[in-house]
1. Is region 91-146 rounded, prolate or oblate when judged by the Cα gyration tensor, a ≥ b ≥ c being the square roots of its eigenvalues, rounded requiring a/c under 1.5 and prolate requiring a/b larger than b/c?
2. What is the Å³ per residue value for the convex hull set by the Cα atoms of region 31-174?
3. Would you work out what percent of the accessible area of region 106-224, with all protein chains in place, is carbon or sulfur (probe 1.4 Å)?
4. Scan region 163-264 for trypsin sites (Lys or Arg not before Pro) in coil per DSSP, keeping those whose Cβ has at most 13 other Cβ atoms within 10 Å, and list them by number.
5. Just the projected area, averaged over all directions, of the convex hull on the alpha carbon atoms of region 233-387: how many nm²?
6. Just to confirm a number: summing +1 for Lys and Arg and -1 for Asp and Glu over residues other than residue 104 whose beta-carbon lies under 12 angstrom from that of residue 104, what do you get?
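The values are calculated or read from the model by the stated rules, or taken from the named source; none is laboratory data. From a predicted model like this one, the values you see are computed outputs, not experimental measurements. A quick note on method: Cβ atoms are made from the backbone with ideal geometry, for glycine too, and the neighbour counts reach across all protein chains shown. To get the accessible areas, we keep the full protein, side chains included, count just its heavy atoms, and leave off ligands, DNA and RNA. Shrake-Rupley method; radii C 1.70, N 1.55, O 1.52, S 1.80 Å.
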Amino acid sequence: MSSGPGADSAPAPKSTHDTAAPGSRRGTFSSLAIRNYRLFFSGAIVSNIGTWMARITQDWLVLQITGSSVAVGITTAMQFLPMLLFGLYGGVIADRFAKRTILFVTQSAMGLGGLFLAAMTLSGHVQVWHVYLTAFFTGLVTVVDNPTRQSFVSEMVGPDQVRNAVSLNSANFQSARLVGPAVAGAVMAAVGPGWAFLANGLSFLAPLTGLALMRTAELRPTKPARRGKGQLREGLAYVSDRPELIWPIVLVGFVGTFGFNFPIWLSAFARDEFHGGSGMYGLFNSLMAIGSLMGALLAARRGTTRLRLLAGAAGAFAVLEMVGALAPSMTLFVMLLIPIGILGLTVNVTANASVQMATDPEMRGRVMSLFMMVFTGGTPLGGPLFGWLTDAYGVRISLALGGLICAVAAAGVGLMLARAANLRLKVDLRRGRRHVEFVPRERLATAA
């Protein structure tokens, strides 16, 4: 069960720059006081560790079978292609049916997919197309699971805890990302990749148990949308009319497509640049996870969700990727992975929380399916493209280009958000003044 935020009845933000929920309780772990969410969170820890074990194992297995970064990119693309093709339909399903029931089905299906790949690998018959097939099947299930799981969180915690739950879900996922690669590396080295896939398949028993033990009377279910024509168009029109929704979604689309191709980049740095093995690849992923976990915990303590933070974090994330591409030594490259993880997670959580807080409850499934379709749906394009760039021109060129595109996108979206909020950039080079800041147009006119 991957991390995913949700909301039930959050009010729309008063501006495009501050989406704080008045009266929300503070505290890094405040959502865990709610029993149903505690069960959800606990089950997710186990399945997320299994998921990360499978991700690391499948990428390394494909690289060992084929020797090609393009093949690794295709594996990633197969997993996210269904989101690109069918993502909006998943949101319609999430809005139409009981979310807890949907999650029983989707989590069971994901467990079966993991057990299939384990059986093929342990029997010695695994081929690269088996990995592709399993990745595509997982992607199909995720189309429905992702928006359902995100919006279900709000039914457990209520509107005052949405932001905290968003951040804790990310912390959960990143904690698993810290543990999963290390465990996967040890398991692969000791007994082979098939056992890592088996652990992933069995790990889904944990979230299924958590769902079964929940007290349904304590949930706050959203009224299901009635079946009817035009629901997809309604969702798209809803987003297109709101700059506080459309521009964060555009930005995460660029970051997800061009800046989050780490299975390709980290495996290529480990194998080709620093001449290591699966242990080094696991180390790189674990360091990224440490940074992501730190970013998630910082986000959980943050009282507001500001879109200026989103643009700034995306720009800094892009710059550090370009610096990492030029890192002359493994030591410097390793030192950059933690801050890259912090900033990447900050972009994800800030965009996710701000979009949910600005969305009406009855539209949330469709809006979040669009969010996830844009964020992960670009991977079928970015994965093969940056895999080819890595094979043809080297991983440093590939990573630098990804960072450059994200930097341009962050600057453009930041300016559009400022324009939507009626802000203008003010530059003041006098000593003792803030040299660069966004200010309201009225204030700028008065100062002039």
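1. oblate
2. So the per-residue hull volume is 109 Å³.
3. Summing carbon and sulfur atoms, their accessible area is 70 percent of the total for region 106-224.
4. Sites meeting the loop and neighbour criteria: 215, 226, 227, 229.
5. 9.6 nm²
6. Within the 12 Å Cβ shell, the charges total +2.
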